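The values are calculated or read from the model by the stated rules, or taken from the named source; none is laboratory data. Keep in mind that what you see is a predicted model, and the values were worked out from it rather than measured. All Cβ positions, even for glycine, are placed from backbone atoms using ideal geometry, and neighbour counts span all protein chains on display. For the accessible areas, the whole protein counts, side chains as well, though only heavy atoms, and no ligand, DNA or RNA atoms are used. Shrake-Rupley method; radii C 1.70, N 1.55, O 1.52, S 1.80 Å.
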Amino acid sequence: MTAANTIRVIALHAAVLAALFFVQFILPDYHYLAMTRVMVLAVYAMGYNMLFGYTGLLSLGHAMFFAAGLYGAGMIAYYTDLGVPLAFLIGIGCGALLSLVIGLIALRTTGVAFMIVTMMFAQVAFLTTTYFTDYTRGEEGLTMPTTARSFDLLGLHADLTNATLRYNLALGMLAIALVVILFIARGPMGRVLIAIRENEPRTLMLGFDTFRAKLGALVVSGTISAMAGAAYGLLFAYIGAGFASIQYSIEALLFTLLGGAGTVLGPLLGTIVMFYMIDIASEYTEAYLLVTGVALVLLVLFFPKGILGTIRERWLPWLP
């Protein structure tokens, strides 16, 4: 990539983050909260995109990584006095460890088998959250008390019931995920992952350790997804088994496909479009999923590689 394209890429992503920062000053209360939720879910989709979009591994079990972060952080904050920052880190650690273990097992399979294995592991995770109902309250879930959502850090007091703080924490987390993925996608590891996606036997023949590369991608992907889950539980004060269901894995897939798999900003755009498409359609009809489905079919027809994926193919080849 030329120096000019590098400057374009940096300028584009900086402009997106700046726009998300300044838009908070004009958003009404409802959309203020909605965008906070969208940014957290976008981080989840960006984690998913690392595995599916860049590595070509279709997982139907990513909700278990989101749930690992959600429960890892939420249960610590709910049942102990360790504090929000440590609970958040423990949630991320749970997701990282789980993705490493799942990767060592599931990556021994490929294609459809990998998809089924990840789905089965996710179903085990979902059933685990419902089995220990005495602690998790199953699908009813846990609502975190206000006292468990405030903390002191570096001499500053933070209260996660404050909407402004939640928005900017979500934005900060989105910025971190975006920088990490952009760094990986444009670096040597990203090129190896794309090579695996396009032709794994040839990549292996060239001397690359494809298993280790895929394992690294899965751990990064699971860790980012767990970070989103930990943040979701702490910012919105709710932990429920529904977040571990297969529906949440499919949502991450749809967000990624809609925005553009294999593009850094695609999952963010896909999450925004899907969220507001459902939100607006549900205001007019109870059959909002049907309306959303028709809209998705039209989008796939005109943007077969997702919105940003198609734009990159037709007009902006420098988009990462």
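Quick check on residue 48: is it touching a helix residue (DSSP H, G or I) at 6+ places or on another chain (Cβ under 6 Å), crowded, with 17+ Cβ neighbours inside 10 Å, of a type in the set (Phe, Trp, Tyr) and part of a helix (DSSP H, G or I)? It is true that residue 48 is touching a helix residue (DSSP H, G or I) at 6+ places or on another chain (Cβ under 6 Å), crowded, with 17+ Cβ neighbours inside 10 Å, of a type in the set (Phe, Trp, Tyr) and part of a helix (DSSP H, G or I). Once the range 149-167 is narrowed to residues that are in contact (Cβ under 8 Å) with a residue 60 or more places away in the chain and touching a Gly at 6+ places or on another chain (Cβ under 9 Å), the residue that is least open to solvent (accessible area, probe 1.4 Å) is 151. Listed by position, the helices (runs of 4 or more DSSP H) enclosed by the range 72-165 that each have at least 1 residues that are within 20 Å of the chain's Cα centre (by Cα) and of a type outside the set (Ser, Thr, Tyr) are 84-106, 111-131. Only a single item in (1) surrounded by fewer than 19 Cβ atoms within 10 Å (Cβ to Cβ); (2) under 18 Å from the mean Cα position of the chain (by Cα); (3) in a helix (DSSP H, G or I) is not met by residue 58, and it is number (3). Inclusion of residue 63 among residues that are closer than 15 Å to residue 229 by Cβ and at pLDDT below 95 is warranted. When the range 61-86 is filtered for residues that are of a type in the set (Gly, Ala, Ser) and surrounded by 24 or more Cβ atoms within 10 Å (Cβ to Cβ), the ones remaining, listed by number, are 61, 63, 67, 68, 69, 72, 73, 74, 77. Within the set 9, 38, the sole residue that is over 30 Å from residue 163 (Cα atoms), open to solvent by less than 20 Å² (accessible area, probe 1.4 Å) and in a helix (DSSP H, G or I) turns out to be 9.
Against the test of being hydroxyl-bearing (Ser, Thr, Tyr), open to solvent by less than 80 Å² (accessible area, probe 1.4 Å) and either closer than 18 Å to residue 221 by Cα or without any contact (Cβ under 8 Å) to a residue 40 or more places away in the chain (or both), the options 109, 129 yield a single qualifying residue, 109.
Taking the criterion of being surrounded by fewer than 21 Cβ atoms within 10 Å (Cβ to Cβ) and either under 14 Å from residue 69 (Cβ atoms) or among the β-branched types (Val, Ile, Thr) (or both), the residues of the range 194-209 that qualify are 194, 203. Just so you know, in the range 193-236 the residues that are in contact (Cβ under 8 Å) with a residue 60 or more places away in the chain and among the aromatic types (Phe, Trp, Tyr) include one that is farthest from residue 145 (Cα to Cα), and it is 211. Taken as a whole, the condition of being at pLDDT below 95 and surrounded by fewer than 18 Cβ atoms within 10 Å (Cβ to Cβ) applies to residue 191.
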